[in-house]
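Step one of this worksheet: look at the structure below.
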Amino acid sequence: MTGFLGLFRRLEGPQTLGRGPAFWALFALVLAGALAYPLFSDGYTVGNTVYFFVWVFIALSLSLIWGYGGSLSFGQTAFFGIAGYGYGILTINFGASYGFTWIALLLAIGMAALVAALLGYFMFFGRIGGVFLGIVTLAVTLMLERFMAQTAGPEWRIGAARLNGFNGMSAMPPLTIPWFGGPIVLFADVGLYYVVLAMLVLVYLALRILMNSSFGNVIVAIRENPERAEMLGYDIRKYQLITFVIGAALAGLSGVLYTVWGQYITPSSMGMTAASLPLIWVAVGGRSDLTATIIGTLVVLSGFQALTIYGSQYALVFMGVLLVLTVLIAPNGLVLGLITWVTKRVARRKQETA
Amino acid sequence: MTRSGLRGLRAAALTGTLVFASGAYAAENPIKLGVLEDQSGDFAAATIGKVHAIQLAAEEINKSGGIMGRPLELVTYDTQSDNTRYQEFMRRVLQRDKVDVVFAGFSSASREAYRPIVDQFNGFAFYNNQYEGGVCDGHMVVTGAVPEQQFSTLIPYMMQTYGKKVYTLAADYNFGQISAEWVRKIVKENGGEMAGEEFIPLGVSQFSQSIQNIQKAKPDFVVTLLVGTAQASYYEQAASANVNLPMASSVNVGQGYEHKRFKPPSLKDMYVTTNYIEEIDTPKSKEFYAKFKAKFPSEPYVNQEAENSYLAVYLYKQMVERAKSTNRDEIRKVIATGDVCMDAPEGKVCIDPKSQHMSHTIYLAKVGADHSISFPKIWEDIKPYWLGEAGCDLTKKDPMAQYTPSNPPPKP
Amino acid sequence: MDIATLVFSALYQFGDAFAFLVLSACGLAVIFGMMGVINLAHGEFIMCGAYVTAATVHAGLPLPLGILCGTLASACVGVLVELLVIRHLYERPLDTIVATWGLSLIATQGTLIMVGSTMAGVGTPFGSFQVGAYSYSIYRIVLFVAALAVLGALYALFNWTRFGVLARATIQVPHMAAALGVDTRLIYSLTFACGAGLAGLAGGLYAPTMTLVPTMGATFIMEAFVTVVIGGADVFLGTAPAGGILAIVKSGMTSWQGQLFGQIGLLIAVIIVVRVLPKGISGFVLRERT
């Protein structure tokens, strides 16, 4: 029982922003808003919000590995793609009945985690770090992209599933909940929204607990000073490897959800542009905090989409300018910068009144 | 786009209440056409013209009274050469803007990205682009040319003219591989031999090794199925290495106007089968070209995809007027009659009811040493026969799938 | 086919791959390798060089002068970018990812809006020559020679000139250099401009052989990063051997199994080199310094 309560206490701590009743009241308010929002919205907006949520998981994975762990992974899209294709191959072969889509989801994430474990072992136990880590992970994701792009031929099939090259794999079933009186198919609409929202909340809270646990503290210690962490007796390679695998699983979850959302996955999802986008989202929000990462990712995604809709041909130019300005004005990321600014003002006011 | 976007929002508020409107109210109730094309990013060079062509056709139609008295309204988004943007905006035009029809897509990957969404929301989409063929989907109409139309004409001509040893240099993805399969098949049927085949990953821009491989194989001509701006660098590099072989292609010139962009004579002796390019010297074509240039004077080139998009708007108008409805099922009944035809800038075109692809006039364009274009041969009424022969019959069954010669529809 | 032809053809292919890798990487080697700025807009500096070169050639200048203009234009843009953006980011190099990604978006789309979706090519000069059964482009040999010349010039610049020594000193220990009276800001600006100019030079040199479109920089960027990273921080001792190793792997795999394997082989070679030499090639060569 105390262990269980201990977990709850870990929900706040030095590694995550937000503590105390005020924060959790706000959290509850936002959550209630998110739960109620489909009632006041249309199918398109809800489906579009799911789409934004889908990308949050890969952003969180990068926040974990890069923001907290200090290892710049340029290749989270590799795990995104492996899990996406994995889900496609499994469900096209075994169908969606008896809730198999959920098993496929887990298996696909497992595949991504397994590849990450092998790659991570190779990298961390080979003492590859810094920018070299970035280039190895980038090389892996580009390799996967190039390879998958040329699998258009009929010989590239796994069971009933054709990889279908650059055009991408489609026609996999969406997530399906077996139910009395017929299964519930979760198209990109209200149903999928609640499922993904639930996952997001769970992952967010779980990561908060993880980061405020002793494991999280060691991870941050490794980021701040790997030699010192090692001198203190921690096998930093093991910690880095575990973080990397958890991150890969999250990126994999993102990949499966993306595949489910559009019933489509393509090699471009592992290409250079796709690989750099999560870095942008995370850096804009503030990479060293989970909450900032989530808010930042949602802000950038929706902002860029709105710009593309209303910004005509200047959309990409605006995006570029915004990114440059963000970096210059808010060094720790937009969200983190804003929060620090606000707390400083509040503190100053308190001092003045005191 | 800002303006059209806002107009879209306002109009979205209006539709729904006016479904049964007739005559008097019609002007209030536009027919909405979604346009998802790449106006920025990698493919922009070949696709900005498509958007302009649609704008031109819509303007003409609206000037002459619209479709059944209803104005045609465009809802345009820039998809930035990005598959995920197609997914986002296809859902947007279908769910939010509630368009009657969508004209969308340049690359095959983008089409495959949006197709599941069109199928899911029971939408109606036109793909106005030449591609590798094989889409058997009742929700789609394809107005671009397909391999059997371009290769069954091009390859026999080249073999008669230059000889029977053929080398294929193709982009290493669906379009290139399937097109190469077609070339292989037609070369074999005509008693020729493949001197070699090489596939180039997308985005590769350096061709020294390929040039040497071609010289080693000593073919009579080279079929270049190179896609994208990076791969187009081949021509300049081959010319500077003095390869000096005739070339045949289904994608170049007609799509990316390489003969305008490269310095002569790098595309000398390039033969292309296309259903339209701006140099075509018929009254219909000249009239279209003049109208296009009048509205968009700075357009670098009017390519085949621009003409496909232009005529598609008119074809859609005809279908709606004959069906007296924008309902897809009603329109498909019209298509099923098999006589949806029109006099397009290229000549007469008809929609094939089995595959919902289009017959074309195929022009053989030859690039001269000074990059001028001549037309040694013209084939009229070339049908998109393969899907129908292979067993796709949309008048009976809608499998919503893409097939290839090595992966044909299942036999009933 | 006689041996001489085979050997020459292999050498030619190697030289061609080497030139492409080294020329695409040199600018980045200075900006990223030396200064630590992760410059995702590297491809756009190359594009800038190519566009200016093509434009000046269209205006009537001979190609070498055009390339010079392209190089200078890129360098000028480099100074501007350094002044407005990069200067504020030396303390936090990881943030340069976002800033330069933003710059690359601005440059690509800005070029599309201002210049149009394509630009006419300028044609490859010098024609071809014949060895055995094959004919080759002379310009490709020029590119190889240019790559060697650039490497030599960089070595001379950073080892034998006052600027080069000051630049290395400034980048290694900035406050020390500043204390000794070096105008470190100026040195940073000039070094960045030097890198940008080298990128422009690569663009100018490859302009005659390629399609000129706003997104053309993307074809260089992967090769550039890979070469620089496995090369390590030293421009001459890193980039040159890295270019050599990767060119052997790439040209060998390409001629043996085709372009796809050339590319995949390149990436695998990168992973192996990084695993064996975790500090890059120059880190290995200069063990005592790192």
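Determine if the stretch B:114-134 includes at least one residue that is within 13 Å of chain A (Cβ to nearest Cβ), over 25 Å from residue B:333 (Cβ atoms) and part of a strand (DSSP E or B).
The answer is no, given that none of the residues of the stretch B:114-134 is within 13 Å of chain A (Cβ to nearest Cβ), over 25 Å from residue B:333 (Cβ atoms) and part of a strand (DSSP E or B).
In the stretch B:370-380, what residues are surrounded by 11 or more Cβ atoms within 10 Å (Cβ to Cβ) and not in a strand (DSSP E or B)?
Selection gives B:371, B:372.
Going through B:301, B:276 one at a time, which residue ends up being assigned to a loop (DSSP other than H, G, I, E, B), of a type outside the set (A, V, I, L, M, F, W, C), more than 28 Å from residue C:132 (Cβ to Cβ) and away from every other protein chain (no Cβ under 13 Å)?
B:276
Among residues belonging to the stretch C:101-133 that are under 10 Å from residue C:214 (Cβ atoms) and hydroxyl-bearing (Ser, Thr, Tyr), point out the one that is farthest from the other protein chains (Cβ to nearest Cβ).
C:111
For the stretch C:109-130, what are the residues that are touching a residue at least 60 places away in the same chain (Cβ under 8 Å) and of a type in the set (Val, Ile, Thr)?
Answer for the stretch C:109-130, where residues must be touching a residue at least 60 places away in the same chain (Cβ under 8 Å) and of a type in the set (Val, Ile, Thr): C:111, C:115, C:118, C:122, C:124.
Given the residues C:226, C:165, which is the only one that is in a helix (DSSP H, G or I), out of contact with any strand residue (DSSP E or B) (no Cβ under 9 Å at 6 or more places or on another chain) and either surrounded by 20 or more Cβ atoms within 10 Å (Cβ to Cβ) or within 14 Å of another protein chain (Cβ to nearest Cβ) (or both)?
Exactly one of C:226, C:165 is in a helix (DSSP H, G or I), out of contact with any strand residue (DSSP E or B) (no Cβ under 9 Å at 6 or more places or on another chain) and either surrounded by 20 or more Cβ atoms within 10 Å (Cβ to Cβ) or within 14 Å of another protein chain (Cβ to nearest Cβ) (or both), namely C:226.
Which one of the conditions (1) within 20 Å of residue A:248 (Cα to Cα); (2) at pLDDT below 85 does residue A:159 fail to meet, given that it meets all the rest?
Checking residue A:159 against (1) within 20 Å of residue A:248 (Cα to Cα); (2) at pLDDT below 85, the one that fails is (1).
Among all residue pairs at least 6 apart or on different chains, which show Cβ distances below 6 Å where the first residue, located in the stretch B:203-217, is within 20 Å of residue C:223 (Cβ to Cβ) and the second is of a type in the set (D, E, K, R)?
B:208/C:16; B:210/B:198
Given the criterion farther than 30 Å from residue A:126 by Cα and of a type in the set (Val, Ile, Thr), identify the matching residue among A:219, A:177.
Result: A:177 is the single residue among A:219, A:177 that is farther than 30 Å from residue A:126 by Cα and of a type in the set (Val, Ile, Thr).
Condition first: surrounded by 21 or more Cβ atoms within 10 Å (Cβ to Cβ) and not in a helix (DSSP H, G or I). Now tell me which residues in the stretch A:311-348 satisfy that.
Passing the criteria: only A:333.
Can you spot a residue in the stretch A:158-181 that is among the basic types (Lys, Arg), over 26 Å from residue A:57 (Cβ atoms) and not in a helix (DSSP H, G or I)? Break it down stepwise before answering.
Initially, the stretch A:158-181 is screened for residues among the basic types (Lys, Arg), giving A:162.
Those still in the list that are over 26 Å from residue A:57 (Cβ atoms) too: A:162.
Keeping just the survivors that are not in a helix (DSSP H, G or I) gives A:162.
Checked the stretch A:158-181: at least one residue is among the basic types (Lys, Arg), over 26 Å from residue A:57 (Cβ atoms) and not in a helix (DSSP H, G or I).
When the residues of the stretch A:4-42 are narrowed to those that are exposed (fewer than 11 other Cβ atoms within 10 Å of the Cβ) and aromatic (Phe, Trp, Tyr), which ends up modelled with the highest pLDDT?
This residue is A:40.
Being polar (S, T, N, Q) and within 11 Å of chain A (Cβ to nearest Cβ) is true for just one of C:219, C:254, C:211. Which residue is that? Steps first, please.
Numbers: C:254 fails: within 11 Å of chain A (Cβ to nearest Cβ); C:211 fails: within 11 Å of chain A (Cβ to nearest Cβ).
Checking each option against the conditions leaves just C:219.
With respect to residue A:327, is the statement that it is at pLDDT 80 or above and either closer than 16 Å to residue A:295 by Cα or in contact with a Gly (Cβ under 9 Å, 6 or more places away or on another chain) (or both) true? Walk me through how you get there before you give the answer.
Values: at pLDDT 80 or above: yes; either closer than 16 Å to residue A:295 by Cα or in contact with a Gly (Cβ under 9 Å, 6 or more places away or on another chain) (or both): yes.
Here the answer is yes, as residue A:327 does meet what is asked.
Regarding the stretch A:158-165, can at least one residue be identified that is free of Cβ contacts under 8 Å to residues at least 24 places away in the same chain, surrounded by 19 or more Cβ atoms within 10 Å (Cβ to Cβ) and among the charged types (D, E, K, R)?
Yes - at least one qualifying residue is present in the stretch A:158-165.
Looking at (1) at pLDDT below 85; (2) under 18 Å from residue C:260 (Cβ atoms), find the lone condition where residue A:147 falls short.
Condition not satisfied by residue A:147: (1).
Okay, residues lined up against (1) touching a residue at least 24 places away in the same chain (Cβ under 8 Å); (2) within 14 Å of chain C (Cβ to nearest Cβ); (3) out of contact with any Phe, Trp or Tyr (no Cβ under 7 Å at 6 or more places or on another chain):
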{"residue": "A:250", "(1), (2), (3)": "yes, no, no"}
{"residue": "A:253", "(1), (2), (3)": "yes, no, no"}
{"residue": "A:304", "(1), (2), (3)": "no, yes, yes"}
{"residue": "A:307", "(1), (2), (3)": "no, yes, no"}
{"residue": "A:322", "(1), (2), (3)": "no, yes, yes"}
{"residue": "A:328", "(1), (2), (3)": "no, yes, yes"}
{"residue": "A:339", "(1), (2), (3)": "yes, no, yes"}
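If you go through the stretch A:260-294 one residue at a time, how many are in a helix (DSSP H, G or I) and buried (at least 22 other Cβ atoms within 10 Å of the Cβ)?
Here the count works out to 21.
Among the residues of the stretch B:218-257, which ones are over 19 Å from residue B:204 (Cα atoms) and in a strand (DSSP E or B)?
B:221, B:247, B:248
With the structure loaded, tell me whether residue B:383 is among the basic types (Lys, Arg), under 24 Å from residue B:120 (Cα atoms), surrounded by 15 or more Cβ atoms within 10 Å (Cβ to Cβ) and in contact (Cβ under 8 Å) with a residue 24 or more places away in the chain or whether it fails that test. Even if it seems obvious, please write down each step before you answer.
Numbers: among the basic types (Lys, Arg): yes; under 24 Å from residue B:120 (Cα atoms): no; surrounded by 15 or more Cβ atoms within 10 Å (Cβ to Cβ): yes; in contact (Cβ under 8 Å) with a residue 24 or more places away in the chain: yes.
In short, no.
Results for (1) closer than 18 Å to residue A:50 by Cα; (2) in contact with a Leu (Cβ under 7 Å, 6 or more places away or on another chain), shown as yes or no for each residue.
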residue	(1), (2)
A:206	no, no
A:226	no, no
A:245	no, no
A:254	yes, no
A:266	no, no
A:272	no, yes
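How about the stretch B:301-321: which of its residues are touching a Phe, Trp or Tyr at 6+ places or on another chain (Cβ under 9 Å) and either without any contact (Cβ under 8 Å) to a residue 24 or more places away in the chain or over 19 Å from residue B:284 (Cα atoms) (or both)?
B:316
Taking the stretch B:322-335 on its own, how many of its residues are within 24 Å of the chain's Cα centre (by Cα), over 16 Å from residue B:396 (Cβ atoms) and not in a loop (DSSP other than H, G, I, E, B)?
Total satisfying the criteria: 3.
Only one residue in B:206, B:215 is facing chain C (nearest Cβ under 7 Å) and not in a loop (DSSP other than H, G, I, E, B), so which one is that?
Of the residues listed, the single one that is facing chain C (nearest Cβ under 7 Å) and not in a loop (DSSP other than H, G, I, E, B) is B:215.
Please enumerate the residues belonging to the stretch B:319-341 that are among the charged types (D, E, K, R) and either within 15 Å of residue B:354 (Cβ to Cβ) or not assigned by TED's automatic domain parsing to the domain that holds residue B:139 (or both).
Across the stretch B:319-341, the qualifying residues are B:332, B:333, B:339.
Out of the stretch C:1-24, which residues are of a type in the set (A, V, I, L, M) and either over 26 Å from the mean Cα position of the chain (by Cα) or within 10 Å of residue C:144 (Cβ to Cβ) (or both)?
The answer is C:1, C:3, C:4, C:6, C:7, C:11, C:17, C:19, C:22, C:23.
With more than 30 Å from residue A:160 (Cβ to Cβ), of a type in the set (Val, Ile, Thr) and in contact (Cβ under 8 Å) with a residue 40 or more places away in the chain as the only criterion, which of A:91, A:49, A:77, A:45 stands out?
Sole residue among the options that is more than 30 Å from residue A:160 (Cβ to Cβ), of a type in the set (Val, Ile, Thr) and in contact (Cβ under 8 Å) with a residue 40 or more places away in the chain: A:49.
Report, by residue number, each residue of the stretch B:78-100 that is in contact with a strand residue (DSSP E or B) (Cβ under 8 Å, 6 or more places away or on another chain), outside any helix (DSSP H, G or I) and at the interface with chain A (Cβ under 8 Å from one of its Cβ atoms).
B:78
The values are calculated or read from the model by the stated rules, or taken from the named source; none is laboratory data. All values derive from a computational prediction rather than experimental measurement. Using ideal geometry, Cβ is built from the backbone for each residue, glycine included, and neighbour counts are taken over all protein chains shown.
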